[in-house]
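**Q** Please read through the structure below; I'll follow up with questions.
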Amino acid sequence: MVHYRILFIVNPISGFGLGWEIPYRIRHIAAYKDIEYNIRFTEYAGHAKEIVEQAKHQNYTHIIAAGGDGTVNEIGTALINTGIAFGVISLGSGNGFARHLGFSQMMNKALKQILKSETTDIDVVEINGHYSLNVSGFGFDAEVAHFFSRMKIRGIFSYIYSIIHMWFRYPSKRYVFHIDGKTWEEDCFVLSVANSSQYGNNASIAPKASLRDGLVDVCILKRPKYYQIPRFLYCFMNSKIARLPYFSEIQCKEAILEGDLNKAHIDGDPYILESPVKVKVLPGVLKVIAPKLSRKKKNMTV
């Protein structure tokens with residue numbers, strides 16, 4: 001029988017304040033009756049990482065991030081090489097990493113999955129000293145992340161507005177790629193490096209991506225022409241983007257990228273980086289709860 005000592009780290013402003021409900025929800029789930037757990041609410045930027053640093057010495061078996069993609073990245077990357085199982089309660093607008101692992105977007109179901117699911121060791125991607133669990137990028141998606149971060153109102157509708165606003169303003173840019181001993185230049189509209197398959201909301205940019213293959217996926221998308229946009233959106237939202245002739249996905253252990261890489265995003269949060277950017281995979285350094293592994297009979301992979 002698995003012994004649990006769980007710490008929930010909750011960002012109370014994620015999901016329009018839904019995180020405040022977590023203590024109530026846990027108390028009303030019978031499976032938690034005999035489980036030892038604590039709940040900590042973050043109070044400022046960077047607080048989640050501080051809580052993790054304290055918790056590392058308090059014999060927790062599981063640490064759960066309840067929040068959006070930024071909170072998930074902050075907590076998950078702080079748990080690298082600790083052996084503490086990491087799980088996610090999704091409160092954000094995208095939740096790509098949680099979706100890839102198989103966590104439900106319904107809070108009660110996700111809370112139950114924490115106690116019923118297997119664990120596995122997954123890769124993390126390092127980008128100029130920063131760590132990415134999910135998808136990061138340097139092209140159009142980075143511009144969207146920077147624009148979205150300045151908006152007063154958060155949420156999925158603000159994010160959609162950011163995409164539409166930047167779509168008609170952002171030009172393709174030329175980058176230099178150094179991958180597997182080959183060097184070439186290419187124009188890109190979207191340039192992403194992916195550990196898992198999707199940004200969030202099932203918008204898949206890296207359909208080949210696996211969290212356990214020891215590889216990072218470099219994804220290159222040319223700007224679709226206006227008449228191509230409907231098919232692009234269909235493929236993008238249905239994990240069929242690889243069918244598009246103006247998309248390519250390169251799997252490698254590391255890559256060096258050069259060009260206008262100043263604006264970047266890491267798991268959706270805006271960053272400023274300097275060129276060249278070195279991307280490399282760190283295999284199997286993070287232990288996670290993976291609900292998909294509990295559905296192996298359906299041939300689902302992580």
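Quick grid of which residues meet (1) of a type in the set (Asp, Glu); (2) within 22 Å of residue 258 (Cα to Cα); (3) touching a residue at least 40 places away in the same chain (Cβ under 8 Å):
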residue: 154; (1), (2), (3): no, no, yes
residue: 163; (1), (2), (3): no, no, no
residue: 195; (1), (2), (3): no, yes, yes
residue: 211; (1), (2), (3): no, no, yes
residue: 220; (1), (2), (3): no, yes, no
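**Q** Given (1) crowded, with 16+ Cβ neighbours inside 10 Å; (2) assigned by TED's automatic domain parsing to the domain that holds residue 226; (3) over 15 Å from residue 260 (Cα atoms), where does residue 149 come up short, assuming only one miss?
**A** So residue 149 meets the others, but not (1).
**Q** Based on this model, can you work out whether residue 71 counts as among the polar types (S, T, N, Q) and either out of contact with any helix residue (DSSP H, G or I) (no Cβ under 8 Å at 6 or more places or on another chain) or surrounded by fewer than 21 Cβ atoms within 10 Å (Cβ to Cβ) (or both)?
**A** Criteria not met by residue 71.
**Q** Quick one: count up the residues across segment 21-57 that are in contact with a strand residue (DSSP E or B) (Cβ under 8 Å, 6 or more places away or on another chain) and outside any strand (DSSP E or B).
**A** Total meeting the criteria: 9.
**Q** Which count do you get for residues in segment 227-237 that are surrounded by fewer than 16 Cβ atoms within 10 Å (Cβ to Cβ) and touching a residue at least 24 places away in the same chain (Cβ under 8 Å)?
**A** Result for segment 227-237: 1.
**Q** Right, another one. Identify all residues within segment 1-22 that are modelled with pLDDT under 95, out of contact with any Gly (no Cβ under 8 Å at 6 or more places or on another chain) and of a type outside the set (Val, Ile, Thr); write none if there are none.
**A** Once the filter is applied, which keeps residues that are modelled with pLDDT under 95, out of contact with any Gly (no Cβ under 8 Å at 6 or more places or on another chain) and of a type outside the set (Val, Ile, Thr), segment 1-22 yields 1, 3, 4, 17, 18, 20, 21.
**Q** Moving on. What's the number of the only condition in (1) more than 28 Å from residue 287 (Cα to Cα); (2) at pLDDT below 95 that residue 200 fails to meet?
**A** (1)
**Q** Can I ask one more? Please work out which one of (1) surrounded by 24 or more Cβ atoms within 10 Å (Cβ to Cβ); (2) more than 24 Å from residue 269 (Cα to Cα) is the condition residue 60 fails and give its number.
**A** Of the numbered conditions (1) surrounded by 24 or more Cβ atoms within 10 Å (Cβ to Cβ); (2) more than 24 Å from residue 269 (Cα to Cα), the odd one out for residue 60 is (1).
**Q** Only one of 257, 261 is buried (at least 18 other Cβ atoms within 10 Å of the Cβ), part of a loop (DSSP other than H, G, I, E, B), in the same structural domain as residue 174 (by TED's automatic domain parsing) and among the hydrophobic types (A, V, I, L, M, F, W, C). Can you tell me which?
**A** Sole residue among the options that is buried (at least 18 other Cβ atoms within 10 Å of the Cβ), part of a loop (DSSP other than H, G, I, E, B), in the same structural domain as residue 174 (by TED's automatic domain parsing) and among the hydrophobic types (A, V, I, L, M, F, W, C): 261.
**Q** Just wondering, is there one or more residues in segment 130-137 that are surrounded by fewer than 24 Cβ atoms within 10 Å (Cβ to Cβ), in contact with a strand residue (DSSP E or B) (Cβ under 8 Å, 6 or more places away or on another chain) and either acidic (Asp, Glu) or at pLDDT 95 or above (or both)?
**A** There is at least one residue in segment 130-137 that is surrounded by fewer than 24 Cβ atoms within 10 Å (Cβ to Cβ), in contact with a strand residue (DSSP E or B) (Cβ under 8 Å, 6 or more places away or on another chain) and either acidic (Asp, Glu) or at pLDDT 95 or above (or both).
**Q** Limited to segment 58-91, what total is found for residues that are in a helix (DSSP H, G or I), more than 12 Å from residue 9 (Cα to Cα) and among the hydroxyl-bearing types (Ser, Thr, Tyr)?
**A** 1
**Q** Can you go through 180, 123 and tell me which one is in contact with a strand residue (DSSP E or B) (Cβ under 6 Å, 6 or more places away or on another chain), among the acidic types (Asp, Glu) and either buried (at least 21 other Cβ atoms within 10 Å of the Cβ) or closer than 30 Å to residue 10 by Cα (or both)?
**A** Result: 123 is the single residue among 180, 123 that is in contact with a strand residue (DSSP E or B) (Cβ under 6 Å, 6 or more places away or on another chain), among the acidic types (Asp, Glu) and either buried (at least 21 other Cβ atoms within 10 Å of the Cβ) or closer than 30 Å to residue 10 by Cα (or both).
**Q** Is one or more of the residues making up segment 108-117 farther than 18 Å from residue 6 by Cα and surrounded by fewer than 24 Cβ atoms within 10 Å (Cβ to Cβ)?
**A** no
**Q** Right, here's the next one. Based on what the data block shows, is residue 289 crowded, with 16+ Cβ neighbours inside 10 Å, over 28 Å from residue 81 (Cβ atoms) and touching a strand residue (DSSP E or B) at 6+ places or on another chain (Cβ under 7 Å)?
**A** Criteria not met by residue 289.
**Q** In segment 209-226, what count of residues is obtained for those that are modelled with pLDDT of 95 or more and assigned to a helix (DSSP H, G or I)?
**A** 0
**Q** Further question on the same structure: Does segment 109-126 contain any residue that is modelled with pLDDT of 90 or more and assigned to a loop (DSSP other than H, G, I, E, B)?
**A** Yes, segment 109-126 has at least one match.
The values are calculated or read from the model by the stated rules, or taken from the named source; none is laboratory data. Here the structure is a predicted model, which means the values were calculated and not measured. Cβ coordinates were reconstructed from backbone atoms using ideal geometry, including for glycine residues, and neighbour counts include every protein chain displayed.
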